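Trainee: One structure, pasted below without further comment.
Each reported figure results from applying straightforward, stated rules to the coordinates on display, with no laboratory input. As the structure is a prediction and not an experimental result, all values here were calculated from the model. Don't worry about glycine lacking a Cβ; one is built from the backbone with ideal geometry, like all the others, and counts go over all protein chains shown.
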Amino acid sequence: MADPATMNALGLMMVGAGLAVGIAAAGSGLGQGITAAAAVGGVAEKDYSFGKMLVLTAISETQAIYGFVIAILIIFVVASGAGAF
């Protein structure tokens, strides 16, 4: 069994990874809601702008992907010993 300091550090690492994904996903969701509402209005006025609006809506999803990548980096890099352990 590992010592309590190591277990505490691993627990905080998991909390940090969860916060990275959660906050990024919440921000991405808000951004997608605003962007999608504007895109629906734009497509209603001009049919041919659907492709552009779809791309603009997908751009806000990248923030959630960035949060997921950061969480993976936190888990694997720190857990492998490259961090403060």
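Trainee: Could you please let me know if ILE75 is in a helix (DSSP H, G or I), hydrophobic (A, V, I, L, M, F, W, C) and under 30 Å from ASP3 (Cα atoms)? Full working, then the answer.
Mentor: Numbers: in a helix (DSSP H, G or I): yes; hydrophobic (A, V, I, L, M, F, W, C): yes; under 30 Å from ASP3 (Cα atoms): yes.
Answer is yes for this residue.
Trainee: Go over the candidates GLY42, GLY31 one by one and state the one that is surrounded by 12 or more Cβ atoms within 10 Å (Cβ to Cβ), under 18 Å from the mean Cα position of the chain (by Cα) and more than 20 Å from MET13 (Cα to Cα).
Mentor: GLY31
Trainee: Is it the case that region 54-68 has a residue that's surrounded by fewer than 11 Cβ atoms within 10 Å (Cβ to Cβ) and in a helix (DSSP H, G or I)?
Mentor: Within region 54-68 (the criterion being surrounded by fewer than 11 Cβ atoms within 10 Å (Cβ to Cβ) and in a helix (DSSP H, G or I)), the answer is yes, since at least one residue qualifies.
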